[in-house]
Amino acid sequence: MLEIRNLHATVEGREILNGIDLTIRPGEVHAIMGPNGSGKSTLANVIAGRDGYVVTEGEIRFDGKNLLEMAPETRACEGLFLAFQYPVEIPGVANLYFLKAAVNAVRKYRNEPPVDAMDFWELIHERMELVQMADSMLKRSVNEGFSGGEKKRNEVFQMTVLQPRFAVLDETDSGLDIDALKVVADGVNALRGPERGFLVITHYQRLLDYIVPDYVHVLVNGRIVRSGDKSLALELEEQGYALYNEEPGRARRVAA
Amino acid sequence: MRSTTRNPVAPAGWPLETVVMTVTAPVLSDRYRSAFDTFLANRREPDAITRSRRAAFERFAMLGWPTRQQEAWRFTDLSTLQTIDLQPPADALVDATALPNLASAAHRLVFINGRFAPGLSKLAHLPEGTFIGSLNPHPNPSPSEREAEYQLDRLPGLSQHPFAALNGAFWEDGALIHLPRGTMLETPVHVIFYATGGDRAVYPRLLLTLADSAQANVVVEYHGQGRSLNAPVAELHLGDGATLAYHQLQEESAQAFHLGAIRLRQGRDSQTQLHLLSLGGQLARTDLEVLLDGEHAACLLNGLTVGRDNQAGNYYVRVDHAYPHGSSQQLFKSVLDDKARAVFDGMIHVRPHAQKTDARQSSRNLLLSKQALANSNPRLEILADDVKCGHGSSTGFLDPNAEFYLRARGIGAAQARALLVYAFANDSLNAITLTPLRERLTRLLADRLALDDRMTEELKP
């Protein structure tokens, strides 16, 4: 469902991704691990279509369509979701209405009528329970004054409401305690199914105890240097990234 | 000292006389003087009113037409207004459908070109001793009218404002709202000032007196068509423990000039919320002067300007804390597109004995174009030593991260931007507790910001 071929990307003229090849089929969960500055978040942002991330070579196909030609909103409407590493605060826009606007934007794209108010309300409450979110969060402005954990939880909540076909989780586990981590994993696992794909970007193996991946890839200096099954994550946890004989953090420093 | 070539405000239809100039009087005021004398000769009203007109006129004569060399007018460009041959007010017919409604019961006062229009107005039953109606002074006022008229021009402040002075001299009519002690008026008072253009200079008046512990909810709207100068003055007197929610919507035509002044005096334990929304006019300026004249008086001043094209919107605010334990909050925002400009000049003055004052001021401007411009000028004069005073100001463009966040959820770029602008602006309206008005203003704002209907629907609380 997602095919990345020979992807090269630059940020502010510096090459961060140096030829990534990755194929994710429906139903699969792939984890990308790597040291700080290896290009993990750049990959997530390139997939989502953020400004400032320039693809210089290669392509990404989503269900056979050229993803890189699509505006970010089109990608979302096609069923792509990015759980942000740093969710943005939007004062003045209530969570609930933001979500409804997002749901209806996708429905409009598919030529479907706006969501029925009762159906939406039921879905919202079911999903809130899943991610253990308080009712009061709905009326609050999007992420405004949320703690780090609440913001990440809100990302997963949005994902479970929007029910994308393919989701990228960009270090959604960072800064979370173990309870919050489980909530995030529950959200992902609730959506797992034969039609959906996930790309879970993480720095730590910990999350993968709860979201068990089908494949694990190691990203170092903008390249996937090794791929394997979930045991690779455990191996990395024990041995670290030094094994790959690369200077850690190069990409981030170059990008800075 | 000032331009002698053309009189920008003196109504051309009024007779001019040759007057011997004194050395100190600006040339300008002499042309006004004859117009003023004619104006006075045609009015029959109590001596007290005539005296107050004369005093106001002399003040204007002394002040003259503002120039940009004066600090208070440095950012207000009157050059276009100055080229207009302004005409005196005249009667005009306005279709009732052109006027806004509150969608709830209201005491309704309509003024066309500053003159009361009884046919368009409607008053429900009023409590004993309450007066709501035309201010037009006549020789036999009722006791409550007399009491209220006595308050006219009694408020200090804005003495340096030439247009307030002109209003004091030339006002023809206005709204008079008087609530006796302890009266809680639940039905809102809806005052509509409509100007029909034709380069007329209109000086409407509003006088509100809330005696001790009285409560009122007032909505004042300025609308119109064509080009005119609207220079209204509102005087708001609050006795001890009185409560006022005052809303002002300025939605005049894009050619109009609006140079208004509001004076507010609050007694002990009184509370005021002022919500000011400015959408219309090529130049719209409101000078607001608040005197917290008793302990524990509190006010919230909440202003929003939405500007586009070459519109200019200015708020000049001065809050004077005269007694201890007062609190004031100034929240002023602007959203500016194209070459629109906004000025916020806000002064917090705390007198030496006004200890435990809590005064806040915030000015936030959102620029939608690189040609838009916002000036913020926060000023503090703190003469007491045990106070909490703070101010903050920010001006900037839309946050690209927020825009991307919305787009990454499927919301189109244009809609995402509109939503962010709307969210920024609508925050100001959320403080309005008069629900039918808030809902109307919310829709008005959404229309103005050209939000897609569906998005607006979802945003409605």
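The values are calculated or read from the model by the stated rules, or taken from the named source; none is laboratory data. Quick caveat, the model's predicted, so the values are computed rather than measured. No Cβ is skipped: glycine too gets one built from the backbone with ideal geometry, and neighbour counts run over all protein chains shown. Quick note on the areas: whole protein, heavy atoms, side chains included, nothing else; ligands and nucleic acids left out. Shrake-Rupley method; radii C 1.70, N 1.55, O 1.52, S 1.80 Å.
Per-residue mean of foreign Cβ neighbours for B:425-436 is 1 (Cβ atoms of other chains, 10 Å radius).
Using a ≥ b ≥ c from the Cα gyration tensor of segment A:58-203 (square roots of the eigenvalues), is it rounded, prolate or oblate, where a/c under 1.5 gives rounded and otherwise the larger of a/b and b/c decides, a/b for prolate? It comes out oblate by the Cα gyration axes. Remark: segment B:72-82, residue by residue, has Karplus-estimated 3J(HN,Hα) of 5, 10, 4, 9, 9, 8, 9, 5, 5, 4, 5 Hz, where x stands for each Gly or Pro and the curve is 6.51 cos²θ - 1.76 cosθ + 1.60 at θ = phi - 60°. In segment A:94-157, inverting the average of 1/r over every pair of distinct C-alpha atoms gives 12.4 Å as the Kirkwood radius. Across all directions, the shadow cast by the convex hull of the protein assembly as shown built on its C-alpha atoms averages 36.3 square nanometres.
Show that you can apply the helix-only estimate: for chain A, add -39,500 (n - 2.57) for every DSSP H stretch of four or more residues, divide by all residues, and state [θ] at 222 nm to the nearest 500. Please report the intermediate quantities before stating the final value.
Numbers: 9 runs with 92 residues, N = 256.
The helix contribution divided over chain A gives -10500 deg cm²/dmol.
With every protein chain kept in place and ligands, DNA and RNA left out, what is the accessible area per residue of segment B:78-227? Probe 1.4 Å, answer in Å². Mind dumping the intermediate values first?
Numbers: 5760 Å² over 150 residues.
The answer is 38 Å² per residue.
Of the accessible area of the protein assembly as shown, computed with a 1.4 Å probe over protein heavy atoms only, carbon and sulfur atoms account for 48 percent. Taking 0.36 nm per residue of sequence separation and removing the Cα-Cα distance, the B:Asp338/B:Asp358 pair yields an extension gain of 3.5 nm.
Residues of B:395-406, mean number of Cβ from any other protein chain within 10 Å of their own Cβ, rounded to a whole number? Before the final figure, lay out the partial values.
Values: counts 0, 0, 0, 0, 3, 4, 8, 7, 4, 11, 12, 11.
Counting other chains' Cβ atoms within 10 Å and averaging over B:395-406 gives 5.
Considering the convex hull of the alpha carbon atoms of chain A, report its projected area averaged over all viewing directions, in nm², one decimal.
Working: hull surface 52.9 nm².
Seen from a random direction, the Cα hull of chain A projects 13.2 nm² on average.
With R₀ fixed at 25 Å, the C-beta to C-beta distance from B:Thr435 to B:Met184 puts the FRET efficiency at about 0.90. Think of a 1.4 Å ball rolled over the protein heavy atoms: segment A:1-89 then has 36 Å² of accessible area per residue.
Here segment B:180-224 and segment A:141-196 have alpha carbon centers that stand 52 Å from each other. Taking both sides together, the accessible area buried where B meets A is about 2300 Å² for a 1.4 Å probe. Dipole of chain B computed with +1 at Lys/Arg Cβ and -1 at Asp/Glu Cβ about the Cα centre; of B:Leu380, B:Gly119, B:Ile49, farthest Cα towards the positive end is B:Leu380. For the listed peptides B:234-246, A:127-139, a ranking on the average number of other beta carbons within 10 Å per residue, highest first, reads B:234-246, A:127-139. Taking every Cα-Cα distance in chain B and sorting them into 20 Å bins from zero, the calculated P(r) comes out as 25, 58, 17, 1 percent. Taking amide H atoms as placed 1.01 Å from N in the peptide plane, the amide H of B:Gln273 lies under 5 Å from those of B:Leu244, B:Ala245, B:Tyr246, B:Leu300, each 5 or more residues away in sequence or on another chain. What is segment A:14-89 by shape, rounded, prolate or oblate, if you read a ≥ b ≥ c off the alpha carbon gyration tensor as root eigenvalues and call it rounded for a/c under 1.5, prolate for a/b larger than b/c, and oblate otherwise? Judged from the Cα gyration tensor, segment A:14-89 comes out rounded (a/c under 1.5). With the simple spin-label model, which puts each label point 7 Å out from Cα in the Cβ direction, the A:Lys65 to B:Arg379 separation comes to 5.8 nm.
Residues whose amide H comes within less than 5 Å of that of B:Val191, counting only those at least five positions distant or on another chain, are B:Leu109, B:Val219, B:Val220, B:Glu221 (H built at 1.01 Å from N in the peptide plane). Give the shape of segment B:101-229 as rounded, prolate or oblate, defined through the alpha-carbon gyration tensor: a ≥ b ≥ c are the square roots of its eigenvalues, a/c under 1.5 means rounded, and otherwise the shape is prolate if a/b is larger than b/c and oblate if not. Oblate is the answer for segment B:101-229, as a/c is 1.5 or above yet b/c matches or exceeds a/b. How far is it, in nm, from the label point at A:Glu238 to the one at A:Ser136 when both lie 7 Å from their Cα along the line to the Cβ? Result: 4.7 nm between the two label points. Using the Cβ-Cβ distance between B:Ala450 and A:Asp51 with R0 = 30 Å, the FRET efficiency computed as 1/(1 + (r/R0)^6) comes to roughly 0.80. Take each residue of peptide A:91-98, count the partner chain Cβ atoms within 10 Å of its Cβ, and average: the result is 6.
Of the residues A:Phe120, A:Ala31, A:Leu43, the one whose Cα sits farthest towards the positive end of the charge dipole of chain A is A:Leu43 (charges of +1 on Lys and Arg Cβ, -1 on Asp and Glu Cβ, taken about the Cα centre).
Straight-line reach from A:Lys40: taking Cα to Cα under 28 Å and skipping same-chain neighbours fewer than 8 places apart, the lysines in range are A:Lys65, A:Lys151, A:Lys152, A:Lys182, A:Lys230. Close amide H partners of B:Met347, meaning residues 5 or more places away or on another chain with modelled amide H under 5 Å apart, are B:Val317, B:Arg318, B:Val319, B:Arg379.
Please give the length that would be gained between A:His203 and A:Asp177 if that part of the chain were fully extended, namely 0.36 nm times their separation in residues minus their C-alpha to C-alpha distance (nm, one decimal). Numbers along the way, then the final one.
On the way: separation 26, 0.36 × 26 = 9.36 nm, distance 1.46 nm.
Gain in length upon complete extension: 7.9 nm.
Taking 16 Å as the straight-line reach from the Cα of B:Lys333, the aspartates and glutamates in range (excluding those fewer than 8 positions away in the same chain) are B:Asp287, B:Asp345, B:Asp427. The residue list B:Gly168, B:Pro324, B:Leu406 was ranked by how far each Cα lies along the charge dipole of chain B toward its positive end, using unit charges on Cβ atoms, and B:Leu406 comes out on top.
What residue among A:Asp177, A:Asp21, A:Asp186 shows peak mean-square fluctuation when chain A is described by a Gaussian network model with Cα springs under 10 Å? Comparing A:Asp177, A:Asp21, A:Asp186 in a Gaussian network model of chain A, the most mobile one is A:Asp177.
Each residue of segment A:28-45 was assigned a 3J(HN,Hα) from its phi angle through the Karplus curve 6.51 cos²θ - 1.76 cosθ + 1.60 (θ = phi - 60°); the sequence is 9, 10, 10, 10, 10, 10, x, x, 4, x, 7, x, 4, 6, 4, 4, 4, 5 Hz, with glycine and proline shown as x.
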